[in-house]
Amino acid sequence: MSSKDAIELAEKFGAHNYHPLPIVISGAEGVWVEDPEGRKFMDMLSAYSALNQGHRHPKIIQALIDQANKVTLTSRAFHNDQLGVFLKLLCEVTGFESALPMNTGAEAVETAIKAIRKWGYKKKGVAAGKAEIIVCTDNFHGRTTTIVGFSTEDQYKDGFGPFTPGFVVVPFGDTAALEAAFNENTVGFLVEPIQGEAGINVPPAGYMKRARELCDEYKALLCCDEIQTGFGRTGKMFAFEHEGIRPDCVTVGKALGGGVFPVSGFLASWDVMDVFSPGDHGSTFGGNPLGAAVGMASLEVLIEDDLCAASDAMGAYLVAALEAIDSDHVKEVRGRGLLIGVEIKEEVGTARPFCEALMLRGILAKETHHQVIRFAPPLTITKEEIDWALVHIGQVLNGELVDGEVVTKEG
Ligand SMILES: Cc1ncc(COP(=O)(O)O)c(C=O)c1O
């Protein structure tokens, strides 16, 4: 099937809730993907950081196949032999005492919201129905109705109300506003340590440290959403480590499934996790043996291939090289590790035509929040591969928005 036919079918029968670049991916390996016409592209999006280990990492694929040949789904009505060992490894790698497995990121965040509220009522003693969770402007925590209800992006909410109360929104990165938002009913602060979807926003130094202090002061839980930033993406296992703090709980997803299978989770101390009793919460697929086996392999690859260090080193190299590109179109280059945003000046236009031009040159990157090109390749990317990409990125950022023929790696 040609790319054109594949796109036409998806448009004809699929809901139009995305605006993808017009490329069809029919094969992939490592940092490279291929379209049905045999053209090769470098993947610099990594499925929004779900492909930290690269496409089809052999160890993860092998774990998937081996487990698929044994048992794939039991539901939590019964035990399976993969879940316990997976959760043990997840806790060891992340330093948390306990984990609750889910599938998608949004489900992990919903789990966190339920845990934080219940902890607030049962452990902190907040009066029934009064619990408040502080969240930030420009947050992105997923697409459920509760979660979009506290988004500050109009489009995410438009037509989907009424929304769940109990969330207080403060400007991201503003310590004074955060201090002012805490009160005796505050049960938690839910925050992305670096905002991904909002355009790779890194908070000012000391912000997360102050958040930790305020949570301690008011007896509230600090919950970091590391679904996009976790598992090496920012050059450390978790982005909160950049400020030397430990949150009380964390949501994880994306790369936990190694780009192969949806695996997410909520991690916390037992003081928080033990608010859940049998029947309080669950998911048919959450904790399934196939996801557990894949999750285990995904974590092992991260450790064995030292992907946090690789992300740190390659990220520093890529940021320095992007900063060195002398372009009139670029306002700022920012990020940590291999989560990098290049902001295009508003007077130049949006980031979309730059992403389209990059695609024509064999590089897949996606605009986020109109002005920002996000560069987040698999953490397995080599210096040689980055150097190849930089030639094209440099030309595109300098305004050579080629229109027409695709000039890919082979071309
Ligand atoms: C920080 C963060 N939280 C939650 C989510 C939602 O994850 P999912 O799309 O798997 O529901 C995302 C997805 O981009 C995210 O970046």
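The values are calculated or read from the model by the stated rules, or taken from the named source; none is laboratory data. Nothing here was measured: the structure is a model prediction, and the numbers come from that model. Counting neighbours? That spans all protein chains shown, and the Cβs are built from the backbone with ideal geometry, glycine included. To get the accessible areas, we keep the full protein, side chains included, count just its heavy atoms, and leave off ligands, DNA and RNA. Shrake-Rupley method; radii C 1.70, N 1.55, O 1.52, S 1.80 Å.
Some observations on this one:
- Stretching residue 19 away from residue 163 to a fully extended chain increases their span by 49.3 nm, per 0.36 nm per residue minus the current alpha-carbon distance.
- Ordered by solvent-accessible area of protein heavy atoms (1.4 Å probe), largest first, the residues 216, 154 come out as 154, 216.
- Taken over segment 133-257, the percentage of Cα pairs per 10 Å bin, counting from 0 up to the bin with the maximum distance, is 13, 46, 34, 6, 0.
- Dipole size of segment 175-231 about its Cα centre, with +1 on Lys/Arg Cβ and -1 on Asp/Glu Cβ: approximately 120 debye, rounded to the nearest 20.
- For the chain, size of Cβ-based charge dipole, Lys and Arg +1, Asp and Glu -1, in debye: 1200 debye
- Residues with amide H under 5 Å from that of residue 225, placed H, sequence gap 5 or more: 191, 192, 251
- Taking all protein chains as they are arranged and a probe of 1.4 Å, the heavy atoms of residue 217 leave approximately 120 Å² accessible to solvent.
- Surface accessible to a 1.4 Å probe, residue 194 within the full protein complex, Å²: 10 Å²
- Segment 58-304: relative contact order in percent, alpha carbon pairs under 8 Å with at least 6 residues between: 32 percent
- Inter-part distance where segment 134-178 and segment 235-308 are each reduced to a Cα centre, Å: 23 Å
- By a 1.4 Å probe calculation restricted to protein chains, residue 329 has an accessible surface near 50 Å², given to the nearest 10.
- With the highest mean first, a sort of the peptides 195-204, 249-258 on other beta-carbon atoms found within 10 angstrom per residue produces 249-258, 195-204.
- Computed over neighbours whose Cβ is under 13 Å from that of residue 191, the net charge equals -4, Lys and Arg +1, Asp and Glu -1.
- For the listed residue pairs 118/366; 88/124; 12/345; 130/209, the alpha carbons are over 32 angstrom apart in 118/366; 12/345.
- With each label modelled as a point 7 angstrom along the Cα→C-beta vector, the residue 145-residue 332 pair spans 3.7 nm.
- Over the chain: helical MRE at 222 nm, DSSP H runs n ≥ 4 each giving -39500 (n - 2.57), nearest 500: -10000 deg cm²/dmol
- Distance in nm between pseudo-label sites at residue 213 and residue 317 (7 Å out along the Cβ direction from Cα): 3.9 nm
- Most to least accessible of 119, 270 (protein chains only, probe 1.4 Å): 270, 119
- FRET efficiency, 1/(1 + (r/R0)^6) with R0 35 Å, evaluated for residue 68 and residue 352 via beta carbons: 0.35
- Euclidean distance between Cα centres, segment 11-48 to segment 74-93, Å: 32 Å
- What you get for segment 196-328, charging only the Cβ of Lys and Arg (+1) and of Asp and Glu (-1), is a dipole of about 220 debye around the Cα centre.
- Accessible surface for the chain, divided over its residues, is 43 Å² per residue with a 1.4 Å probe.
- What the pair-distance distribution of the chain shows, using all Cα-Cα distances binned every 20 Å from zero, is 26, 58, 16, 0 percent.
- When you count the other C-beta atoms within 10 angstrom of each residue and take the mean per peptide, 7-18, 277-288 line up highest first as 277-288, 7-18.
- Antiparallel beta bridges, as assigned by DSSP with both residues in segment 58-304, represent about 40 percent of the total such bridges.
- Gaussian network model of the chain, Cα within-10 Å springs - most flexible of 108, 77, 239: 77
- In this label model, residue 26 and residue 128 are separated by 6.0 nm, measuring between points 7 Å along each Cα→Cβ vector.
- With every protein chain in place and a 1.4 angstrom probe, the accessible-area ranking of 88, 219, largest first, reads 88, 219.
- 17 Å reach of a label modelled at residue 271, 7 Å along Cα-to-Cβ, counting backbone N of segment 103-126: 115-126
- Measuring nothing but protein heavy atoms, the accessible surface of the chain at 1.4 Å probe radius is 53 percent carbon and sulfur.
- Taking amide H positions as modeled 1.01 Å from N, with prolines and chain starts lacking one, the residues under 5 Å from residue 375 and 5 or more places away or on another chain are 340, 341, 342.
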